[in-house]
Amino acid sequence: MDYSNFKIDMPNDVDFIINTIKSHGHQAYAVGGCVRDSIMGLTPNDWDITTSALPSDIKEYFNKTIDTGIEHGTVTVMLHNVGYEVTTYRIDGTKTADTHLLLNSPTG
């Protein structure tokens, strides 16, 4: 199957969240099970978003948020009584001093 022109039909609220984040100069993408389910032709049960924005940014951009996993960079954005988890990009695994320097350097 050719996926080069594959487009995921996202709910309006997901599109709104992603576009709001992007309008503030950050990157944002739907990720996880919603992508898998969409590719398989299934209707996703929930939608997760990853972003370059920090949790504090997300809390500023949206009226109703919940700190659901703030220690992992996750904030839930509530729209129309539905929660959408928005998580800041992260690298999982063991961090070394070099990793810390790389991730916190102006060019890293």
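Each reported figure results from applying straightforward, stated rules to the coordinates on display, with no laboratory input. Remember, predicted model here, so these are calculated numbers, not experimental data. Every residue, glycine as well, gets a Cβ built from its backbone with ideal geometry; the counts of neighbours run over all protein chains shown.
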- line: Expected unfolding gain across Tyr29-Lys64 under the 0.36 nm per residue rule, minus the alpha-carbon gap, is 10.6 nm
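Could you please rank Glu60, Glu71, Glu85, placing first whichever residue has the fewest other Cβ atoms within 10 Å of its Cβ?
Ascending Cβ contact count within 10 Å gives the list Glu71, Glu60, Glu85.
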- request: Quick one: work out Rg over Rh on the C-alpha atoms of region 21-66, Rh as Kirkwood radius.
  value: 1.06
- line: One finds, for Ser4 and Leu54 with R0 = 30 angstrom and r their Cβ-Cβ distance, a FRET efficiency to the nearest 0.05 of 0.35
- request: Describe numerically, in nm with one decimal, the distance between label points set 7 Å from Cα along Cα→Cβ at Lys22 and at Glu71.
  value: 3.4 nm
